[in-house]
Amino acid sequence: MSKSAAALKQQQDLALFENAEHENPLTSLNYHFDLAANLLKLEEELQQLLKQPYRELHVQIPVKMDNGKLQIFHGYRIQHNAVRGPYKGGIRFHQDVDRDEVLALATLMSWKTAIVDIPFGGAKGGITVDPTKLSRRELQALTRGFMSKIDLIVGPQRDIPAPDVNTDEKTMAWMMDEYGKKHGYTPAIVTGKPLALGGSLGRKEATGRGVVFTIVEACRVYGIDLKKSTAVVQGFGNVGSFSAKFLHESGCKVIAVSDVHGGLYDQKGIDIPSLIEHIRLYGSIKGFKGDIITNDEIYKIKSDIVVPAALGGVITASVAKKLECKLIAEGANNPTSKDADLILHKKGIPVIPDILCNAGGVTVSYFEWAQNLQQYKWDVIQVNDELKKVMTKAFGDVYELSKNHSVSLRTAAYMLAIDRVAQATRLRLI
Ligand code: GLU
């Protein structure tokens, strides 16, 4: 073999290895589903029904770009299950969005809403696009185009979208406005709206706040002193920044944070409120006190608590092998691969699974939807108190099950969710 052919082969082998690390997002979900379904002795026909989505919509969204050319985007809305209430779940704008990812995320939503016991099912949507490459006008046209295409399957009693990765209250305002053109004023069509359009107080912070409620509970049952602990947070978007902020407020030292552009490390603890203000003023962490690290280096830093709060698939088997923390809290959806999960379980590191850990967002979405339907506004104390109640109860339910069956928190969470959805299904269909 010539030298360049050998180099090429080596590169291909490396790519194969990296691909093996990057598993299909449905792999871990199916694995955890089967495990829990077997422990529950779930009927075969219910297993089949719950593993598959009710409906999948794949739409084309043509957008006239600023340069005058037409560009065709692809969008998805996948409705997994609605036996316990209308479909519910966010809309993601990302260049890697595809059908399998949206299906995995839709399925996770069904389990999530069941664990916190709110009257919703699960759905997810997404558009394959890098939104940072679009102008504000193009983004608005794309969002409106998407809403007009999924309009036929959504509705305040049918399917209620919300923000997710790279979407926010501005996206929701456009979606609500577009829906309203055909159906009249309907604030309950989406959640995560701006306050002035019927959004709920406390919604923006809700996922991060919920993450920290579950961390507090986990520290209590596993005997970890949060005030003497250190944490690293990967991802500094909505979920990561608020998780870091509330961890900081709880007396935990956040020693590293990162986002797509890079990260920051300070063993003495980062002043999170000042960092948030710095990012608001200068748009990035550059110039803030601490060592600059790359996004990948975050998992090499030794800390007590690890919070993945960005995209899925980041905790691979090789990352899991190296992790030496006391607790992992999944702010992101589907961050841990199947093999990594097994490794962490064997190492005795408890993982608060996504479907429990980050359910605070959809819980306050439920409060927002309820306020919209009642045309009544809650104050922020009521929102946060109710959220705390819901998250604490959900953690307790999952933890009890995990102890009683000697299984991980994740398996217990799947058992709780699948059992609740299965019960509702039997009552409706059998
Ligand atoms: N996108 C969030 C999630 O994954 C929120 C969904 C919602 O509020 O409907 O849970």
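Since every read-out is calculated from the coordinates, none of them should be taken as a lab result. Note that the structure is a prediction, hence the values are computed from the model and not measured. FYI the Cβ positions are ideal-geometry reconstructions off the backbone, even for glycines, and counts take in every protein chain you see.
For the chain, just list the percent of Cα-Cα distances falling in each 20 Å bin from zero outward, please.
Values per bin, smallest distances first: 26, 59, 15, 0.
Among 345, 405, 423, whose Cα lies farthest out toward the positive end of the dipole of the stretch 288-430, if unit charges sit on the beta carbon of Lys, Arg (+1) and Asp, Glu (-1)?
Value computed over the given set: 405.
Convex hull volume of the Cα atoms in the stretch 180-224, per residue, in Å³?
Residue-normalised Cα hull volume stands at 70 Å³.
Compute for the stretch 75-140: radius of gyration divided by Kirkwood radius, i.e. Rg/Rh, restricted to C-alpha atoms, rounded to two decimals.
Radius of gyration over Kirkwood radius for the stretch 75-140 works out to 1.09.
Too long at a 26 Å Cα-Cα cut-off: which of 112/326; 64/88; 300/388; 227/388; 302/403; 227/347?
64/88; 300/388; 302/403
Please report the antiparallel percentage of the DSSP beta bridges confined to the chain, to the nearest 5.
Expressed as a percentage, antiparallel bridges in the chain total about 50.
Where Rh is the Kirkwood radius over the Cα pairs of the stretch 340-430, the temperature 37 °C and the viscosity 0.692 mPa s, what D in µm²/s does Stokes-Einstein return?
Roughly 217 µm²/s, to the nearest whole number.
Efficiency by 1/(1 + (r/R0)^6): what FRET value for residue 428 and residue 51, r their Cβ-Cβ distance, R0 = 22 Å, to the nearest 0.05?
0.80
Starting from the Cα of residue 318, step 7 Å along the direction of its Cβ; do the same at residue 35; then give the gap between the two resulting points in nm.
2.3 nm
Which residues' amide hydrogens lie under 5 Å from the amide hydrogen of residue 90, considering only partners 5 or more residues apart or on another chain, with H built in the peptide plane?
For residue 90, whose amide H was placed from the backbone, the distant partners under 5 Å are 125, 162.
Checking the table 245/377; 286/322; 69/286 against a 31 Å threshold on Cα-Cα, which pairs fail?
69/286
State the answer as a single residue: which of 299, 194, 211 lies farthest towards the positive end of the charge dipole of the stretch 176-323, with beta carbon charges of +1 for Lys and Arg and -1 for Asp and Glu, about the Cα centre.
Farthest towards the positive pole: 211.
Taking the Cα centre as origin and putting +1 on Lys and Arg beta-carbons and -1 on Asp and Glu beta-carbons, what dipole magnitude results for the chain, to the nearest 20 debye?
I would put it at about 440 debye.
To the nearest 0.05, how large is the calculated FRET efficiency for residue 388 and residue 158 if R₀ is 30 Å and r is the Cβ-Cβ distance?
The formula returns an efficiency of 0.50 here.
Collect residues whose amide H, placed 1.01 Å from N in the peptide plane, falls under 5 Å from the amide H of residue 23; neighbours closer than 5 in sequence don't count.
none
Ranking request for peptides 83-92, 402-411, 240-249, 37-46: highest mean number of other beta-carbon atoms within 10 Å first, then the rest in descending order.
83-92, 240-249, 402-411, 37-46
Please give the direction-averaged projected area of the C-alpha convex hull for the stretch 239-328, in square nanometres with one decimal.
The orientation-averaged projected area of the Cα hull of the stretch 239-328 comes to 5.6 nm².
Over the stretch 102-199, consider all pairs of different Cα atoms and compute the Kirkwood hydrodynamic radius from their mean reciprocal separation; express it in Å, one decimal.
14.1 Å
Sequence-distant or interchain residues sharing an amide H contact under 5 Å with residue 310, placed H: which?
Hits under the 5 Å cutoff: 332.
Tell me, rounded to the nearest percent, the portion of alpha carbon pairs in the stretch 252-408 spaced more than 29 Å apart.
So the portion of pairs separated by more than 29 Å is 31 percent.
Please state the charge dipole magnitude for the stretch 234-292, taken about the Cα centre, from unit charges on C-beta atoms (+1 on K and R, -1 on D and E), reported in debye and rounded to the nearest 20.
Computed charge dipole of the stretch 234-292: roughly 40 debye.
Using 0.36 nm per residue, how much length does the chain from residue 71 to residue 181 gain when fully extended, once their Cα-Cα distance is taken away?
Length gained, residue 71 through residue 181: 37.2 nm.
Using alpha carbon centroids, what distance separates the stretch 138-204 and the stretch 331-369, in Å?
Taking the Cα centre of each part, the stretch 138-204 and the stretch 331-369 sit 25 Å apart.
Can you pull the one-decimal nm distance between simple spin-label points at residue 373 and residue 294, each 7 Å off the Cα toward Cβ?
4.9 nm
How large is the dipole of the stretch 29-140 about the Cα centre if only Lys and Arg carry +1 and Asp and Glu carry -1, each at its Cβ, rounded to the nearest 20 debye?
Around 540 debye, computed over the stretch 29-140.
Could you work out Rg/(2.2 N^0.38 Å) for the stretch 28-109, with Rg from alpha carbons only?
1.41
Rounded to the nearest 0.05, what FRET efficiency do residue 137 and residue 405 have when you use their Cβ-Cβ distance and R0 = 45 Å?
0.25
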